[in-house]
1. Pull out a ≥ b ≥ c, the square roots of the eigenvalues of the alpha-carbon gyration tensor of the stretch 3-97, then state rounded if a/c is under 1.5, prolate if not and a/b is larger than b/c, and oblate in the remaining case.
2. Just to be sure I understand the model, the point goes 7 Å from the Cα along the line to the Cβ. What's the resulting Phe31 to Tyr11 distance in nm?
3. Would you check the stretch 104-159 for Lys pairs whose C-alpha atoms are within less than 19 Å, ignoring same-chain pairs closer than 8 in sequence, and give me the count?
4. Sum -39500 (n - 2.57) across every DSSP H segment of at least 4 residues in the chain, then divide by the residue count to get the 222 nm mean residue ellipticity, nearest 500.
5. On a 0 to 90° scale, report how tilted helix 104-113 is relative to the longest principal axis of the chain, with both axes built from alpha carbons and the result rounded to the nearest 10.
6. Classify the stretch 121-163: rounded, prolate or oblate, from the alpha-carbon gyration tensor (a ≥ b ≥ c, eigenvalue square roots; a/c under 1.5 rounded; otherwise prolate if a/b is larger than b/c)?
7. Using alpha carbon centroids, what distance separates the stretch 94-165 and the stretch 43-70, in Å?
8. Please report the orientation-averaged projected area of the chain, defined via the convex hull of its C-alpha atoms, in nm².
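Each reported figure results from applying straightforward, stated rules to the coordinates on display, with no laboratory input. In this text, all values refer to a predicted model and were calculated from it rather than measured experimentally. Here the Cβ is made from the backbone with ideal geometry for all residues, glycine too, and neighbour counts use every protein chain on show.
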Amino acid sequence: MHPLGKALVEYAKSLKEQNPHISWKQEVDNFESINGHGVSASIGDKSIVIGNKRLMEDLSIPIPLGVNELVGRSEDMARTTVLVSINNEIVGMIAISDPVKPEASSAIKVLRSMGIEGIMVTGDNWGTAKAVAKEVGIDKILAEAIPSTKSDKIKDLQVKSICPI
């Protein structure tokens, strides 16, 4: 399971434990995981989509201007934004923060002093990726990469002997 998906599921479980009087049982149909973007499903007569901005755009789900602005601000603060849509209408937004480890920037400095160039390949959106890269001192970024793109990039770097892992 994707780390963000796992975090959301764990949070939902904690809500269930905190609110045992609420009925949480719903039949989910047509569940689909959209690799690197999110998930979609049906619950009763409702179509549910939970995922990134690109997924909403790909599915022609309109993103209101105010939500777009919130997404931009969230990305500037190095947060990953997950949008929630019910019946093709954005009804929620979740901003997830994964703090950079304190030793990351010093590790990048050490690698740079050894002549090793850092390249960040991430599934995060460009705004979040730029904020994190700036924080740790990485200049080259490939963002919004789905898992297969990430592995292809690593293989490409290995072939070019830039990243001999």
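1. Cα axes put the stretch 3-97 in the oblate bin.
2. Computed distance between label sites Phe31 and Tyr11 equals 1.9 nm.
3. Lysine pairs satisfying the spacing and distance rule in the stretch 104-159 number 9.
4. Counting only the DSSP helices, I get -12500 deg cm²/dmol.
5. 30
6. Because a/c hits 1.5 or more and a/b fails to exceed b/c, the stretch 121-163 counts as oblate.
7. The stretch 94-165 and the stretch 43-70 have Cα centres separated by 27 Å.
8. Mean projected area for the chain: 11.8 nm², to one decimal.
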